[in-house]
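S.K.: Encoded as structure tokens, here's the structure I'll be asking about.
The values are calculated or read from the model by the stated rules, or taken from the named source; none is laboratory data. Note that the coordinates shown come from a computational prediction; the quantities given were computed from them, not determined experimentally. Reconstructed Cβ throughout: ideal geometry from the backbone, glycine too, with neighbour counts over all protein chains shown. When the accessible area is computed, the model is the full protein with side chains, heavy atoms only, and any ligands, DNA or RNA have been set aside. Shrake-Rupley method; radii C 1.70, N 1.55, O 1.52, S 1.80 Å.
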Amino acid sequence: MDARITVLPGDGVGPEVTAEAVACLATIAERFGHRFQFQEALIGGAAVDATGDPLPEATLALCRTSDAILLGAVGGPAWDRHPRDQRPESGLLRLRKGLGLYANLRPVSVHPSLEDASPLKPEIVRGTDLMFVRELSGGLYFGEPRSYSDEAAVNTLPYTRVEIERVARVAFDLATARRKNLASVDKANVLETSRLWRKVVDDLAPAYPEVKVQHHYVDSFAMALITRPRDFDVVLTENLFGDILSDEAAVLAGSLGLLPSASLGGSVGLFEPIHGSAPDIAGQDRANPIGTILSAAMLLRHALKLSAEALALDSAVNRVLKGGHGTGDLKGASHLHGTRSLGARIREAIRPPRKKVPRLVDSAYSWCGSPEGHSSNH
Ligand code: NAD
């Protein structure tokens, strides 16, 4: 397969973790006989510094014409005092909105070798296997009117039936393919938008008779999530609640640096780790690249429909974790690595497909980027 992948490294640890994920994709391309073309573009603070705009028109245009987008992270203290439309985060929000990405999938599972990495007891986290479906293009982050003065500030939380229904369908479909259990999280005892959320989910439920739906208030769900996480399968929620709850769920997995995400709904998908730009460890070869590498696996599965290749990458990560390898954020890792050496371990663990595939010719090889990750064209 030929695929064009736009890479948006962004800020802080973003360039470090995307370099490892791109190198893994290049290894997959080589082992499975595909040709992936990587093109880098600016976003976030790096784009503000270069162009004054956190999402330059050229970046959006490139994203729109690619088969998938891999992003690192945006933001950092250097841009914290910029006006809202020149802040790195507003570039990411505009990208998601501009591409019509309304469903953010965030899988959270606990690797057996990392049951001790969580501050929670192993018997609580063991066997956790969740899929968050967070609404991504509506709600409080986008609602108008919004205003700020030093004396009063306003944000607005709007949702329409159409916005809720389309993301709820994604969650119902995922629940159907998984353990057929859907937890819908809202605050319907206080918020009108949540009452509508609950009504739309209930209206859809008869179309998915196999799926058991349970409604939860966000405050009590926040507690249930870390006291009995095994009870949940697919978790559907609106933008703000999903942002907060999925970071909370990272505690179950052992580190924020492990968790991937996929943003879907438009014509091209965006794949990124759930963590931020981690300015405290940026440039030190300390960031865990696994969240971004697993995001690359989601890219293979959801954007390119290459499920065997996605599985090969997931399995490589699992084998490396099982061997006790990890970065410093993983409590209990017996073999400590930097970002680059953990990425190299994972690439070594990517096994070729069982059936023989023709070797790529040299010109295609450089187009894919070298298997060691120092791609010549990104
Ligand atoms: P953060 O996720 O960047 O960091 C939180 C903590 O987790 C830090 O201690 C950090 O060192 C650690 N951490 C994060 N990723 C890690 C990794 N891969 N490996 C090891 N440790 C890791 O969140 P923050 O500190 O609240 O935000 C920093 C900046 O990132 C802010 O500017 C924020 O706006 C931005 N941010 C961006 C995104 C995004 O790009 N999607 C998401 C969240 C925050």
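Condition check ((1) within 30 Å of Gly324 (Cα to Cα); (2) over 19 Å from the mean Cα position of the chain (by Cα)) across all residues:
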{"site": "Arg106", "(1), (2)": "yes, no"}
{"site": "Ser113", "(1), (2)": "yes, yes"}
{"site": "Gly127", "(1), (2)": "yes, yes"}
{"site": "Ala153", "(1), (2)": "no, yes"}
{"site": "Arg169", "(1), (2)": "no, yes"}
{"site": "Leu174", "(1), (2)": "no, no"}
{"site": "Val190", "(1), (2)": "no, yes"}
{"site": "Thr193", "(1), (2)": "no, yes"}
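S.K.: Within the stretch 94-126, which residues are open to solvent by 40 Å² or more (accessible area, probe 1.4 Å), touching a Pro at 6+ places or on another chain (Cβ under 9 Å) and within 30 Å of Ala61 (Cα to Cα)?
M.R.: Arg94
S.K.: Can you tell me which of (1) open to solvent by 20 Å² or more (accessible area, probe 1.4 Å); (2) out of contact with any Phe, Trp or Tyr (no Cβ under 9 Å at 6 or more places or on another chain); (3) more than 28 Å from Arg198 (Cα to Cα); (4) outside any loop (DSSP other than H, G, I, E, B) is the one Gly91 doesn't meet?
M.R.: Only one criterion is unmet by Gly91, namely (1).
S.K.: Look at the stretch 278-321 and say how many of its residues are more than 18 Å from Asn104 (Cβ to Cβ), within 16 Å of the ligand (Cβ to nearest atom) and of a type outside the set (D, E, K, R).
M.R.: So the count comes out to 14.
S.K.: Please go through the stretch 32-73 and pick out each residue that is small (Gly, Ala, Ser) and away from the ligand (no atom under 16 Å from the Cβ).
M.R.: The initial filter retains those residues of the stretch 32-73 that are small (Gly, Ala, Ser), namely 33, 41, 44-47, 50, 52, 58, 61, 66, 68, 72-73.
Gly33, Ala50, Gly52, Ala58, Ala61, Ser66, Ala68, listed by residue number.
S.K.: Going through the stretch 1-28 one residue at a time, which ones are among the polar types (S, T, N, Q), within 16 Å of the ligand (Cβ to nearest atom) and either over 15 Å from the mean Cα position of the chain (by Cα) or not assigned by TED's automatic domain parsing to the domain that holds Gly72 (or both)?
M.R.: Thr6
S.K.: Looking at (1) within 13 Å of the chain's Cα centre (by Cα); (2) open to solvent by 10 Å² or more (accessible area, probe 1.4 Å), can you tell me which one Leu270 breaks?
M.R.: (2)
S.K.: I would also like to ask the following. So, of the residues in the stretch 47-68 that are in contact (Cβ under 8 Å) with a residue 40 or more places away in the chain and in a helix (DSSP H, G or I), which turns out to be nearest to the chain's Cα centre (by Cα)? It would help to see each step written out before you state the result.
M.R.: At the first step, the residues of the stretch 47-68 found to be in contact (Cβ under 8 Å) with a residue 40 or more places away in the chain are 47-48, 54-55, 59, 62-68.
The next check asks that each one be in a helix (DSSP H, G or I); those that pass are 47-48, 59, 62-64.
Working: Ala47: 21, Val48: 23, Thr59: 19, Leu62: 20, Cys63: 17, Arg64: 19 Å.
Out of the qualifying residues, it is Cys63.
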